[in-house]
Amino acid sequence: MNGVTQAGGGPSPADDDAAFDRADFATVVDMFWEAVDAAGDRIALIDGERTLSYRDYGASVAALAARLVAIGVGGERVAIQVPNSIEANVAIYAALAAGAQVALLNPGYGADELAPLFDIARPKVIIAGVGGARAARGIAAAHSIDHLLVVGEGDLSTPALVAQAATRPAVRIDRGDLATLLFTGGTTGVPKGVDRPHGTLVEIVHGMHQAWPTRIDQEVWLNVAPVFHVWGSLMGCLNPVYCRSPVVIISRYQPDLVLAALERHRVTVFSGGPAAIYVGLLAAAGIDRTDLSSLRICPGGGSPFLMETLTAWYARTGVPILEAFGMTEGGPICANPTDGTHRFGTVGRPLPGLEVSIAALDDPERAVPTGQLGEIRIRGSRVVHAYRGQGAGRADGWLYTGDVGVFDADGYLRLVDRTKDMLIVGGFNVYPREIEEVLARHPAVAEAAVVGTPDARKGEVPVAFARLRDGATASPTALADYCAAHLVAYKRPRSVTLMDAIPKTPANKICRKTLAGLAAEQQPPGENE
C-alpha cells in the first residue's frame with residue numbers, strides 16, 4: 001500500500017451466523033434486555049459451581065437497578081469495586097439500567113491509589129463486594145459518599161435479587177448518555193478518566209465482533225481479565241451479552257483451573273489477552289491432558305508476544321492467538337482476523353470506522369510512508385481524545401498513542417516500541433513515576449528510579465533503584481515491604497537496589513538506559529527462560 005493512513009477495512013465475518021448484524025442498539029442497556037428476552041432459558045453466567053440464566057440475570061439487574069433509581073443515580077456515577085463474579089456483572093448492568101455512569105475501579109487498590117480516582121469520578125454510590133465491604137466503608141467516609149451497597153449478602157445476594165421479581169426501571173437512556181468511566185495513566189502516570197457514552201460503547205462492542213466474529217447463541221466465552229479493565233469489561237461482560245452466550249467467570253487466574261474450565265465448559269471463545277496468560281497455560285503440567293478441541297477464537301493483546309509463544313499455542317491447540325492492538329481511549333484499533341489470513345508478529349489491520357496513521361517521530365504533524373517507523377495515531381468516532389475534566393482534545397481529532405509502529409505493504413501493523421516510559425506488566429499499564437513517588441515518601445529515601453526488565457510470563461516487570469538520605473538506613477526488603485503496603489501486586493517492584501548515586505544523563509535526567517542495563521545484569525538465573 002502506498003498510503004500513509006490506513007482506513008479501517010478490517011476482518012470480515014466468515015459465515016452467515018457470524019455476519020448477523022446487531023449494531024443497531026442505541027445503548028448497551030438495550031443490548032442487555034434484548035438478550036434477556038431472546039435467550040431467557042439459556043445460561044448467561046458461570047461462576048464456579050454457580051450459574052445464572054439470562055432470565056434471572058435480568059431479574060437481578062432489575063432489582064438492583066430499582067435500588068439505585070430510588071437513590072437517584074440518574075446522570076450520576078456509580079463506583080463499582082467488585083472482583084470478577086456474578087455480582088460484578090449484575091452490578092454493572094444494574095447501574096447502567098438505572099441511568100448511571102459506571103466507574104470501574106480495582107477492588108484490590110488501597111486508599112492511596114483510589115483517592116485520585118474518586119477525586120475524578122466523584123460517585124454518588126459505591127457498590128462493593130462482600131470481601132471489600134470494610135475497606136469500602138472507609139473510602140465512602142473519606143470521600144463523603146453517603147450510599148454504599150454491598151452485593152452478595154442479605155437482600156443484595158443474587159438469589160434475593162432474583163426473588164424480588166422487580167420490574168425493569170422506566171428510565172430513558174439515550175445514545176449520547178455516558179455509560180462508563182475507565183481510568184488510564186496517559187503518558188505521565190497521573191490517572192485520567194475516559195468517559196464513554198453508550199453509542200460509542202456499542203460501536204466498540206460491535207468492533208470486537210467485527211474483529212473476531214462470534215456466532216450468535218452458539219459460543220461459550222471464558223474471561224480471565226478483571227472487569228475493571230477495558231479488556232475484561234468487554235470480554236467478560238459486554239461482548240458475551242452481545243452474542244447472547246454464556247461466559248465462564250474466572251475470579252483469579254490459576255492456569256490449572258483455567259484449563260479445567262476450558263475443557264469442562266467446552267469453551268469456544270477464550271479471551272486470553274496478555275502473553276502472560278498464554279505462557280502460564282502452556283507451562284501448566286496439565287495442558288497435554290486437557291481437551292481444548294472446542295476452541296475457535298483466542299484473542300491476544302495488552303503485551304508483546306514472543307514468536308515461540310504464538311507457535312507453541314498454535315501447535316498445541318490448532319487455533320492461532322490473534323494479536324490485536326487497542327487502548328482505553330479507542331477500544332479495539334487493529335486485529336488479526338479469524339479467516340486464516342492472520343500474520344504472526346503483527347497486531348493485524350485497522351478495524352472499520354477508524355483511521356490509523358504513522359506520524360514522524362521528529363515531526364508529529366507529518367505522516368510517514370508505508371514501511372517507515374513512527375508514532376501510531378488514531379482517529380474516528382469512537383476515539384476519546386479528551387479526558388474527564390481536562391478540556392478538549394486536538395481540533396484535528398487525532399489521538400497520539402505513544403506507541404511506535406510500522407505498516408507493512410499489506411496493511412498489517414507491527415508494534416516496535418513505546419515512546420513513553422510506561423511498562424506493561426501482564427497486560428496492565430504500570431507507570432514508573434507512580435512507584436517512584438511511593439518510594440520517595442519513605443523517610444529514608446532521597447531519590448528513586450524505576451525501570452522495566454523483560455519477563456517471559458508478564459512481558460516485563462518493574463525493578464527499583466533508590467538512594468538513601470545521608471545518615472538514613474533502610475534495607476531493600478524494608479523498601480519492598482513499603483511498596484507492598486501502598487501498591488497493588490502487579491505494580492510492586494521485583495527488586496529494590498540501593499545505590500550511592502542514581503545515574504544521570506548530561507541533561508541531569510535519570511538515565512533509564514543505564515538502569516535498564518543494570519536491571520538486566522541482576523536478572524535471576526532462569527527467570528526469563
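The values are calculated or read from the model by the stated rules, or taken from the named source; none is laboratory data. Keep in mind the model is a prediction, meaning the values are calculated, not measured. FYI the Cβ positions are ideal-geometry reconstructions off the backbone, even for glycines, and counts take in every protein chain you see. When the accessible area is computed, the model is the full protein with side chains, heavy atoms only, and any ligands, DNA or RNA have been set aside. Shrake-Rupley method; radii C 1.70, N 1.55, O 1.52, S 1.80 Å.
One equal scatterer on each Cα of the stretch 400-441, no solvent, Debye formula: the resulting log10 I(q)/I(0) at q = 0.15, 0.26, 0.30, 0.32 Å⁻¹ is -0.51, -0.94, -1.03, -1.07. Placing unit charges on the Cβ atoms of the charged side chains and taking the dipole of the chain about its Cα centre, the candidate lying farthest along the positive direction among Pro352, Met499, Ala335 is Met499.
Modelled this way, with points 7 Å down the Cα-to-C-beta line, the labels at Gln164 and Ala516 are 5.2 nm from one another.
Basic side chains Lys and Arg get +1 at the Cβ, acidic Asp and Glu get -1 at the Cβ, and with that the dipole of the chain about its Cα centre reaches some 780 debye.
If DNA, RNA and ligands are ignored and the probe is 1.4 Å, what is the ranking of Thr290, Thr338 by accessible area, most exposed first? List each step's numbers first, then the result.
Details: Thr290 20, Thr338 50 Å².
Accessible-area ranking of Thr290, Thr338, largest first: Thr338, Thr290.
The mean sequence distance of close C-alpha pairs (under 8 Å, at least 6 residues apart), as a share of the length of the stretch 440-516, puts its relative contact order at 31 percent.
Between Asp339 and Asp155, the simple label model (points 7 Å from Cα in the Cβ direction) yields a spacing of 5.4 nm. In whole angstrom, the stretch 347-390 maps to an equivalent ellipsoid with semi-axes of 21, 16, 8, each derived as √(5λ) from the alpha carbon gyration tensor and ordered largest first. By DSSP, the beta bridges lying fully in the stretch 257-334 are antiparallel in about 40 percent of cases. Extending 7 Å from the Cα toward the beta-carbon at both Arg433 and Leu373 defines two label points whose distance is 2.4 nm. The ratio of the alpha-carbon radius of gyration of the chain to the globular-protein estimate 2.2 N^0.38 Å is 0.96.
Need the full-extension length gain, Val190 to Ala142, defined as separation in residues times 0.36 nm minus the C-alpha distance. One decimal, nm.
Numbers: separation 48, 0.36 × 48 = 17.28 nm, distance 2.06 nm.
That works out to 15.2 nm of additional length.
Over the stretch 152-254, with a single point scatterer placed on each C-alpha, what log10 of the ratio I(q)/I(0) does the Debye formula yield at q = 0.10, 0.16 1/Å? Computed log10 I(q)/I(0) values: -0.39, -0.98.
Considering the stretch 412-529 at the alpha-carbon level, its Rg and Dmax are found to be 14.4, 56 Å. Tyr400 to Ile502: FRET efficiency via 1/(1 + (r/R0)^6), r the Cβ-Cβ distance, R0 35 Å, to the nearest 0.05? In this case the efficiency is close to 0.75.
Normalised per residue, the accessible area of the chain is 40 Å², obtained with a 1.4 Å probe and no contribution from ligands, DNA or RNA.
The antiparallel fraction among DSSP beta bridges confined to the stretch 159-278 stands at about 50%.
At a 1.4 Å probe, what is the % contribution of carbon and sulfur to the accessible area of the stretch 351-442? Of the solvent-accessible surface of the stretch 351-442, carbon and sulfur hold 47 percent.
If contacts are Cα pairs under 8 angstrom and at least 6 residues apart, what is the relative contact order of the stretch 148-289 in percent?
17 percent
Apply the Debye scattering formula to the stretch 237-396, with a single equal point scatterer on each alpha-carbon and no solvent, then give log10 I(q)/I(0) at q = 0.09 Å⁻¹. Result of the Debye calculation: -0.38.
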